[in-house]
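Please treat every number below as a calculation from the coordinates, not as lab data. As the structure is a prediction and not an experimental result, all values here were calculated from the model. Here the Cβ is made from the backbone with ideal geometry for all residues, glycine too, and neighbour counts use every protein chain on show.
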Amino acid sequence: MGILNKIVKAVEVLTEDESVEKGNDFEKYVVGLFDKKYFSIVQWSTDIARKHDRYVEADAGPDLTIRYVPTGEIFYVECKFRSDLYEGKLHWSSPEQLKRYHDFARENKHPFFVAAGLGGAPSYPEKMFCIPLEEARYPALYPSVFEKFERNPDKNFFWKNGFLK
């Protein structure tokens, strides 16, 4: 392998590591918005496939499975942080991921939400959205779709009648 190829490979690894770190930071931020008194984390995926070349079925689901303690209701949250819009849209998943999320939601029959942070830092985004998966029909969403679900990034999550706000 030539020196240029080695440099390109090293940059790709650094960029991927940075992306993973941003994702982890945003997940921690999102989890911090769920008051322990009202919410329990049932499952927090580890995205083990990042460490291997094999597809891992467990990674097909959302980042978080959460229980609203007072009623025992279960719901799912996929966390996505983006620094900016790209071509005027929020690119939050790949087409393959989107299909897996919709399949997962259909099979598991619990509410599923996309918690998206936009701008700022993953540990404190400028803007935040909590988009029901059924509204996230495409891998890239126009502001006219996701802005309806904007929430204050400083406020804890609130659960009422099957909706996360």
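Kindly identify region 58-165 as rounded, prolate or oblate by the Cα gyration tensor criterion: order the square roots of the eigenvalues as a ≥ b ≥ c, call it rounded if a/c is under 1.5, otherwise compare a/b with b/c, prolate if a/b is larger, else oblate.
Oblate, since a/c reaches 1.5 and b/c is not below a/b.
When Lys and Arg each count +1 and Asp and Glu each count -1, what net charge do the other residues less than 13 Å away from Gly117, Cβ to Cβ, add up to?
-2
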Amide H partners (placed H, <5 Å) of Tyr138, local residues excluded: none
For region 121-137, 3J(HN,Hα) per residue [Karplus equation, 6.51 cos²θ - 1.76 cosθ + 1.60, θ = phi - 60°, Hz, x = Gly/Pro]: 10, x, 7, 6, x, 5, 10, 9, 9, 10, 9, x, 4, 5, 8, 9, 7
The FRET efficiency for Thr71 and Lys165, from their Cβ-Cβ distance with R0 = 22 Å and rounded to 0.05, is 0.90
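Once the other residues with Cβ under 14 Å from the Cβ of Leu98 are scored (Lys, Arg +1; Asp, Glu -1), what is the net sum?
Working: positive: Lys80, Lys89, Lys99, Arg100, Arg106, Arg137; negative: Glu78, Glu96, Asp103, Glu134, Glu135.
With Lys, Arg at +1 and Asp, Glu at -1, the neighbours total +1.
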Does anything in region 136-165 have its amide N under 20 Å from the 7 Å Cα→Cβ label point of Lys89, and if so which residues? 136-150
Give me the number: length gained by fully extending His110 to Ser123, i.e. 0.36 nm times residue separation minus the C-alpha to C-alpha distance, one decimal in nm. 2.0 nm
